[in-house]
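One structure below.
The values are calculated or read from the model by the stated rules, or taken from the named source; none is laboratory data. The structure presented is a predicted model; accordingly, all values stated were derived computationally and were not measured. Because the Cβ atoms are built from the backbone with ideal geometry, glycine has one as well, and the counts that use them run over all protein chains shown.
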Ligand SMILES: [Zn+2]
C-alpha cells in the first residue's frame with residue numbers, strides 16, 4: 001500500500017502500531033445531549049468516522065461507538081429554550097427524566113439525540129449509539145463503580161494534583177440521583193466495601209441504602225466515568241476537544257485513572273480545534289439557542305461538501321464554516337478535487353494523491369463509478385435566479401445549454417446542490433449577488449438615445465440566435481457594440497444590467513445571457 005498522506009490514514013496506522021494487531025478496534029466518540037449538538041461537536045464525530053474508514057481500508061474490523069452521556073445532570077436550561085419556567089423545575093434531574101416540551105419524544109435528552117442521529121445518517125456517519133442512562137440502569141457499570149469506591153483515595157490524589165483546592169474530605173467518585181425526588185442533591189454516606197452504598201438527599205430528606213447492581217440512581221463522576229468506560233468498551237481511539245486536552249485536563253486524569261484503577265492502557269487520541277462561523281450575520285437559524293447545527297450547515301453545503309470541509313482540514317487547526325462568497329470557492333475546490341480524482345484535471349502527483357484521498361473520504365457512501373455531472377455553483381446560482389428558484393426548470397436549462405443529461409447519482413447530487421444554492425441565495429448571499437430578471441410589466445428604464453440603439457443591437461444579436469455562441473464570442477460582440485454606439489464598455493454593461501435586472505451590476509453578462517436564453521431575454525429587450 002502507498003505511504004499514507006492523509007491525517008486519517010496516518011492515525012489509523014498509529015492505532016494499529018500502538019495497540020497491536022487486534023481482532024477488532026474500538027473507536028469512540030460521545031457527548032451529553034443537553035442541547036442541540038452543534039457543528040463544533042460534529043468535528044469530533046466526523047474525525048472518528050474518517051479514522052474508522054481509514055482503519056477499515058487497512059483491512060481492520062472496527063466498532064464505532066457513540067456514547068450519549070444522557071445520564072448526566074440537567075444543569076441549566078439552555079438560552080432561548082421555550083417553556084423555561086416549566087423546565088426549571090427539572091434542574092438537577094438526569095436529562096433522560098426531563099420531559100420534551102416541544103416535541104413528542106420520551107425525554108429532552110432523547111429529542112436532542114434523535115435530531116442528531118437523523119442528520120448523521122445523511123452525512124454517512126453510522127455509529128453504534130450507546131445510551132449511558134440505560135447502561136447504568138442495567139447495572140453494566142456496577143463493577144466499575146465498586147472499583148472506584150475501593151480506590152477512592154488513589155483517585156482523589158490523581159485529581160487533586162491538578163486542582164488548586166483539594167477535593168473535600170467527604171468526596172466520592174460516585175454521585176446518586178435520589179430515588180424519591182430524582183435530583184442529584186445527595187450526600188454519599190457509608191459504603192460497605194461491596195455493593196451497598198448509603199446516601200441522603202438534601203432536597204427531600206430521603207435517605208436509604210442502594211445496591212450498585214440494581215439501583216438506577218448511582219453513577220460515576222465524569223472524570224472517573226470516562227476512563228471506566230474506556231476499559232469497559234475496550235476503546236482504542238478517542239479524540240477530544242481542546243478543553244479536555246489541556247495539561248491536567250480530563251484526558252490527563254482519565255489516562256492516569258485508566259491505568260492505575262482499571263488496568264487499561266489509554267486510547268490513542270488527538271486534540272481537535274474549534275470551528276468558527278463566517279459570514280452568517282445575524283441569521284443563525286437554529287431553533288434552540290445561538291448555535292449552528294449540522295442541519296444548518298447542510299442547508300448550504302451538500303453532504304459531500306460537509307465531509308470535504310472536515311476531511312480536507314487537519315483536526316488540530318481551527319477553521320471557519322463560511323456562509324459568505326467563500327461558499328462558491330469551496331464548491332469550486334470540491335469540484336476540482338473530484339476532477340482530479342477522475343483524472344480530468346492534472347496536478348503534481350503528490351498533491352493529486354492527497355486530493356484523491358480527500359475525495360474518497362468526502363463521499364457519503366461509495367465513490368461513484370463515473371464522475372457525476374458537475375454543475376458549477378456560481379452558474380447554478382444564476383440559473384436558479386433566472387428561474388425564480390424553480391429547481392426543475394434551472395436543471396432543465398442546464399442540460400439544454402450544456403447538451404448534458406442528468407440521471408441517477410448525477411441527478412440526485414444536482415438536485416441537492418440546487419437546493420443548497422437556492423438556500424444560500426435567499427438566506428446568505430451578498431445583496432450584490434442577488435437578482436431578479438425583469439418582468440414585462442415592470443417599469444422601463446429611462447435611457448439616452450445611444451443606449452437605446454445599443455440595446456436594439458443586443459436584441460438583434462439575441463434574435464439571430466445564441467446557439468452558435470460561446471461566452472467568449474458573445475463577449476467580443478459586446479465590445480464591438482459599445483464602440484459602434486460611442487459607449488464605454490462599462491456603460492454598455494451597466495445599461496444592460498439595468499434593462500435586464502433593474503440594477504447597475506450583475507453576473508458576468510455573456511454567461512448570464514447564454515444561461516437565460518433568448519426566450520427569457522427577448523421579451524425584456526423588445527420593450528426598448
Ligand atoms: Zn430527594
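A count restricted to the stretch 484-528 and to residues that are closer than 17 Å to residue 441 by Cβ and under 36 Å from the mean Cα position of the chain (by Cα) stands at 1. Residues that are surrounded by fewer than 22 Cβ atoms within 10 Å (Cβ to Cβ), more than 15 Å from residue 176 (Cβ to Cβ) and touching a strand residue (DSSP E or B) at 6+ places or on another chain (Cβ under 8 Å) within the stretch 204-243 comprise 233, 234, 240, 241, 242, listed in sequence order. If I filter the stretch 183-200 down to residues being free of Cβ contacts under 8 Å to residues at least 24 places away in the same chain and crowded, with 18+ Cβ neighbours inside 10 Å, which single residue comes out as farthest from the ligand (Cβ to nearest atom)? Result: 188. Just to verify a result, which residue in the stretch 61-77, among those that are in a loop (DSSP other than H, G, I, E, B) and in contact with a helix residue (DSSP H, G or I) (Cβ under 7 Å, 6 or more places away or on another chain), is nearest to residue 354 (Cα to Cα)? Step by step, filter the stretch 61-77, then rank; the result is 69.
To keep it simple, each residue is scored yes or no on (1) within 16 Å of the ligand (Cβ to nearest atom); (2) at pLDDT below 95.
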position	(1), (2)
144	no, no
148	no, no
160	no, no
171	no, no
181	yes, no
202	yes, no
207	yes, no
214	no, yes
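With respect to the conditions (1) surrounded by 17 or more Cβ atoms within 10 Å (Cβ to Cβ); (2) touching a residue at least 40 places away in the same chain (Cβ under 8 Å); (3) outside any loop (DSSP other than H, G, I, E, B), residue 41 falls short on a single one, namely (2). For the stretch 78-92, state whether one or more residues are part of a helix (DSSP H, G or I), within 22 Å of the chain's Cα centre (by Cα) and over 27 Å from residue 227 (Cβ atoms). No; the residues of the stretch 78-92 include none that is part of a helix (DSSP H, G or I), within 22 Å of the chain's Cα centre (by Cα) and over 27 Å from residue 227 (Cβ atoms). Residues in the stretch 20-40 that are in contact with a strand residue (DSSP E or B) (Cβ under 7 Å, 6 or more places away or on another chain) and at pLDDT 90 or above: 24, 25, 26, 27, 28, 29, 30.
Residue-by-condition table, conditions (1) in contact with a strand residue (DSSP E or B) (Cβ under 6 Å, 6 or more places away or on another chain); (2) assigned to a loop (DSSP other than H, G, I, E, B); (3) surrounded by 16 or more Cβ atoms within 10 Å (Cβ to Cβ):
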{"position": "437", "(1), (2), (3)": "no, yes, yes"}
{"position": "440", "(1), (2), (3)": "no, yes, no"}
{"position": "444", "(1), (2), (3)": "no, yes, no"}
{"position": "457", "(1), (2), (3)": "no, no, yes"}
{"position": "460", "(1), (2), (3)": "no, no, no"}
{"position": "468", "(1), (2), (3)": "no, yes, no"}
{"position": "472", "(1), (2), (3)": "no, no, no"}
{"position": "476", "(1), (2), (3)": "no, no, no"}
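In summary, residue 304 fulfils each of the numbered conditions (1) in contact (Cβ under 8 Å) with a residue 24 or more places away in the chain; (2) part of a loop (DSSP other than H, G, I, E, B) with the single exception of condition (2). Taking every residue in the stretch 225-237 that is free of Cβ contacts under 8 Å to residues at least 60 places away in the same chain and pairing it with any residue that is in a helix (DSSP H, G or I), at least 6 positions away or on another chain, the pairs with Cβ-Cβ distances below 6 Å are 226/254; 227/254; 227/257; 227/258.
Take residue 262 and tell me if it is touching a residue at least 12 places away in the same chain (Cβ under 8 Å), in a loop (DSSP other than H, G, I, E, B), farther than 30 Å from residue 418 by Cβ and out of contact with any strand residue (DSSP E or B) (no Cβ under 9 Å at 6 or more places or on another chain).
For residue 262, the condition - touching a residue at least 12 places away in the same chain (Cβ under 8 Å), in a loop (DSSP other than H, G, I, E, B), farther than 30 Å from residue 418 by Cβ and out of contact with any strand residue (DSSP E or B) (no Cβ under 9 Å at 6 or more places or on another chain) - is met.
Go over the candidates 133, 138 one by one and state the one that is away from the ligand (no atom under 16 Å from the Cβ) and surrounded by 14 or more Cβ atoms within 10 Å (Cβ to Cβ). Just a single option satisfies the conditions, and that option is 133. Taking (1) under 20 Å from residue 27 (Cβ atoms); (2) part of a helix (DSSP H, G or I); (3) touching a residue at least 60 places away in the same chain (Cβ under 8 Å) in turn, residue 56 satisfies each apart from (3). Among the residues of the stretch 311-347, those that are in a helix (DSSP H, G or I) and in contact with a strand residue (DSSP E or B) (Cβ under 9 Å, 6 or more places away or on another chain) comprise 326, 329, 330.
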